[in-house]
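Enquirer: Sending over a structure as C-alpha cells; questions will come in a sec.
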Amino acid sequence: MNSPETELFNKRRVLFNYDLARTAVRKAGQLILFEGFMDVMSAHQAGVDNGVASMGTSLTDEQIYAISRITKQVYVCYDGDVPGQKATQRALTILREHTQLS
C-alpha cells in the first residue's frame, strides 16, 4: 500500500473542482455538492460556480473536513434515481454528524 505522500490520486480525499470553487463558495457562503464531475461541469456552464463533486463515492470525513474549511452551508444535489437518493441520504447523515455544517 502506498503512503499518502506517494499517492497520485485518492478518491476519499478529492473533491472535483474544489480548487476552482473555493472563492465562489466563500463569496456565496454555501457549497453545492454534486455526485459527479459532469454535474459540476454542466452547472458551471449554467453559471453555478460554487459546486464540487464527491466523484461518485460516498462522502468521506476527509471531504467533509475540506468542505468545512470554506463554508458552513452545504446543499446536496445528487441524481434523482434510486442510487442517487440513497447516496443523498448517506451524505445527509454524515453531514449531520458534523454539527458545524448545515
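Enquirer: For the range 31-102, just say rounded, prolate or oblate: build the C-alpha gyration tensor, square-root its eigenvalues into a ≥ b ≥ c, call rounded for a/c under 1.5, and beyond that prolate if a/b exceeds b/c, oblate if not.
Expert: Since a/c reaches 1.5 but b/c is at least a/b, the shape of the range 31-102 is classed as oblate.
Enquirer: Okay, moving on. Given points 7 Å out from each Cα along the Cα-Cβ axis, report the Ser58 to Ala28 separation in nanometres with one decimal.
Expert: Here the modelled spin labels are 2.7 nm apart.
Enquirer: Moving on. Tell me, in nm to one decimal, what length is gained between Asp79 and Thr93 on full extension, where the rule is 0.36 nm per residue of separation less the Cα-Cα distance?
Expert: Working: separation 14, 0.36 × 14 = 5.04 nm, distance 1.68 nm.
Separation in residues times 0.36 nm, less the Cα-Cα distance, equals 3.4 nm.
Enquirer: Which one, Leu15, Met41, Val25, is farthest towards the positive end of the dipole of the range 13-57 when Lys and Arg carry +1 and Asp and Glu -1 on their Cβ?
Expert: Val25
Coordinate-derived values only; no laboratory data. Here the structure is a predicted model, which means the values were calculated and not measured. Neighbour counts are summed over all protein chains in view; Cβ atoms, including those assigned to glycine, are modelled from backbone coordinates with ideal geometry.
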